[in-house]
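Accompanying notes for the structure given below.
The values are calculated or read from the model by the stated rules, or taken from the named source; none is laboratory data. Keep in mind the model is a prediction, meaning the values are calculated, not measured. As a convention, Cβ positions derive from the backbone with ideal geometry for all residues, glycine included, and neighbour counts pool all protein chains shown.
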Amino acid sequence: MSAVDELILEEAERLKRIRTAKLRDFDMLPKGSIRKKRINGREYHYLQWRDGKRIRCKYIPADELEAVSNRIDRRNNLKNEIAAINADLSKLQRIIKA
């Protein structure tokens, strides 16, 4: 096996470890989005997500709104990072098989 082949295999293993760690973080963060509802002239914020065919809602207190919003943003960023890692792994797998 050449040095280039070993380097490619090492990179594939490194990406798999990174993907595993990011997936673990991803699964711990809330999914969905924040929706505002106006009830009796006051605004309330809810975390809304899909559970199968049902749409679920959970009230977010005003003091937790920013933290929940940051966690949702972090989940979305992780989703994009995982997709990029999967694309890189796919390219490496094609190189390895060639």
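Condition check ((1) farther than 30 Å from Asp88 by Cβ; (2) at pLDDT 95 or above; (3) among the basic types (Lys, Arg); (4) out of contact with any strand residue (DSSP E or B) (no Cβ under 6 Å at 6 or more places or on another chain)) across all residues:
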{"position": "Ser2", "(1), (2), (3), (4)": "no, no, no, yes"}
{"position": "Glu11", "(1), (2), (3), (4)": "no, no, no, yes"}
{"position": "Lys22", "(1), (2), (3), (4)": "no, yes, yes, yes"}
{"position": "Asp25", "(1), (2), (3), (4)": "no, yes, no, yes"}
{"position": "Met28", "(1), (2), (3), (4)": "no, yes, no, yes"}
{"position": "Arg35", "(1), (2), (3), (4)": "yes, yes, yes, no"}
{"position": "Pro61", "(1), (2), (3), (4)": "yes, yes, no, yes"}
{"position": "Asn77", "(1), (2), (3), (4)": "no, yes, no, yes"}
Problem set entry | Failed condition for Leu92, given (1) touching a Lys or Arg at 6+ places or on another chain (Cβ under 8 Å); (2) of a type outside the set (S, T, N, Q); (3) surrounded by 12 or more Cβ atoms within 10 Å (Cβ to Cβ) | (1)
Exercise. Of the residues Asn76, Asn80, Asn70, Asn40, which is free of Cβ contacts under 8 Å to residues at least 24 places away in the same chain and on the phi > 0 side of the Ramachandran plot?
Worked result: Asn40
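Listed here are the residues, each with its yes/no results for (1) out of contact with any Cys (no Cβ under 8 Å at 6 or more places or on another chain); (2) under 19 Å from Ile72 (Cα atoms); (3) part of a loop (DSSP other than H, G, I, E, B).
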residue	(1), (2), (3)
Glu6	yes, no, no
Glu13	yes, no, no
Arg17	yes, no, no
Lys31	yes, yes, yes
Tyr46	no, yes, no
Lys58	yes, yes, no
